[in-house]
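J.: Submitted below is the structure of interest, expressed as structure tokens.
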Amino acid sequence: MDYQNKGKHNDYRVNILNNGRIISIEVTCCGRHIGEMRFKDGENKKCPFCGTVHSVKIQHNHFHIRPARPEDESGLDDSAVIEKKAL
């Protein structure tokens, strides 16, 4: 097995057919394989460990794979949470 994503928080592997057609995207988050998304606009996969939602957005001649981390219940970003915990 190839561990190119070792030490990465999240990673994506695009699966294609022999003719070059993209069929799915495998998602790794929190260092663990969390599942697979079909290559369709709007498909998503939620990480059961951190709550990040990974989604596919297909546009005219390209596509995006976007992670969207959930907001902290207090509405603060990570840096503010770190400062708050340090006090």
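The values are calculated or read from the model by the stated rules, or taken from the named source; none is laboratory data. Everything numeric here is computed off the predicted structure, so don't read it as measured data. Every residue, glycine among them, receives a Cβ derived from its backbone with ideal geometry; neighbour counts consider all protein chains shown.
J.: Just one of (1) at pLDDT below 95; (2) outside any strand (DSSP E or B) trips up Pro67, so point out which.
T.: (2)
J.: Ser79 - would you say it is modelled with pLDDT under 90, closer than 20 Å to Asn10 by Cβ, outside any loop (DSSP other than H, G, I, E, B) and not hydrophobic (A, V, I, L, M, F, W, C)?
T.: Spelling it out, Ser79 is indeed modelled with pLDDT under 90, closer than 20 Å to Asn10 by Cβ, outside any loop (DSSP other than H, G, I, E, B) and not hydrophobic (A, V, I, L, M, F, W, C).
J.: Scan the stretch 6-32 for residues that are exposed (fewer than 14 other Cβ atoms within 10 Å of the Cβ) and part of a strand (DSSP E or B) and jot them down.
T.: Val14, Asn15, Ile16, Ile23, Arg32
J.: Looking at the structure I just gave you, is Ile34 among the β-branched types (Val, Ile, Thr) and modelled with pLDDT of 90 or more?
T.: Yes; evaluated as a whole, the condition is true for this residue.
J.: Could you look through the stretch 33-64, keep only residues that are of a type in the set (Gly, Ala, Ser) and assigned to a loop (DSSP other than H, G, I, E, B), and pick out the one that is surrounded by the fewest Cβ atoms within 10 Å (Cβ to Cβ)? So that I can check it myself, show each step before the final result.
T.: Just the residues of the stretch 33-64 that are of a type in the set (Gly, Ala, Ser), to begin with: 35, 42, 51, 55.
Subset that is assigned to a loop (DSSP other than H, G, I, E, B): 42, 51.
Numbers: Gly42: 9, Gly51: 12.
Filtering first and then ranking leaves Gly42.
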